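Peer 1: Dumping the structure here so I can ask a few things about it.
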Amino acid sequence: MAKVVQVALSDDEYARFLAEKKKANAEGFADAQYIKSIILPDDGFDKWLAELLCRVAGLKAGTKFNIRAVMATDWVLIPKPIRLRLGRVFYNHVAAGKVKYVKETAKGNDKTQWYQKGEAENES
């Protein structure tokens, strides 16, 4: 079960937090994900996100995919909390246009988000 942690910040600390949070949100991170990345910085998430982005960049135009399929057999090696964060962060990156030539499509019956890789010429 998830636990909730509360922290009191001074006005100056809160202003700094908001500025950093805004940058993190622009990168596609939700507030909770950003805070977790500070508290638990080396959980492997950054490595897996970089790997996912690299694999997606290597897909051919027209490919329909979901994250599980792209990560293939490595999917079971990724801890579940990181898999869930990968899904949210990747979706936010795509929605913000940070993953070139990729758009989200419909969700599958199992609520898995699907994407499609577009062609560079059509996405300018």
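The values are calculated or read from the model by the stated rules, or taken from the named source; none is laboratory data. Remember, predicted model here, so these are calculated numbers, not experimental data. FYI the Cβ positions are ideal-geometry reconstructions off the backbone, even for glycines, and counts take in every protein chain you see.
Peer 1: If I go through the range 7-26 residue by residue, how many of them are outside any helix (DSSP H, G or I) and surrounded by fewer than 11 Cβ atoms within 10 Å (Cβ to Cβ)?
Peer 2: 3
Peer 1: Give the range 29-80 a look and list any residue that's in a loop (DSSP other than H, G, I, E, B) and either free of Cβ contacts under 8 Å to residues at least 12 places away in the same chain or under 22 Å from Ala120 (Cα atoms) (or both), or say none.
Peer 2: Leu40, Pro41, Asp42, Gly58, Leu59, Lys60, Ala61, Gly62, Thr63, Asn66
Peer 1: Identify all residues within the range 81-124 that are part of a loop (DSSP other than H, G, I, E, B), within 20 Å of Glu27 (Cβ to Cβ) and either of a type outside the set (A, V, I, L, M) or not assigned by TED's automatic domain parsing to the domain that holds Arg55 (or both); write none if there are none.
Peer 2: Start the filter on the range 81-124 by keeping residues that are part of a loop (DSSP other than H, G, I, E, B), which leaves 96-101, 108-112, 118-119, 124.
Pick out the ones that are also within 20 Å of Glu27 (Cβ to Cβ) and you get 96-101.
Passing the criteria: Gly97, Lys98, Lys100, Tyr101.
Peer 1: Tally up the residues in the range 90-115 that are surrounded by 16 or more Cβ atoms within 10 Å (Cβ to Cβ) and over 22 Å from Gln33 (Cβ atoms), please.
Peer 2: Going residue by residue through the range 90-115, those that are surrounded by 16 or more Cβ atoms within 10 Å (Cβ to Cβ) are 90-94, 99, 101-102, 113, 115.
From what is left, the residues that are over 22 Å from Gln33 (Cβ atoms) are 101.
Summing the residues that are surrounded by 16 or more Cβ atoms within 10 Å (Cβ to Cβ) and over 22 Å from Gln33 (Cβ atoms) in the range 90-115 gives 1.
Peer 1: Does Phe45 satisfy the criteria of being touching a Ser or Thr at 6+ places or on another chain (Cβ under 9 Å) and of a type outside the set (Ser, Thr, Tyr)?
Peer 2: Taking the combined requirement at face value, the residue satisfies it.
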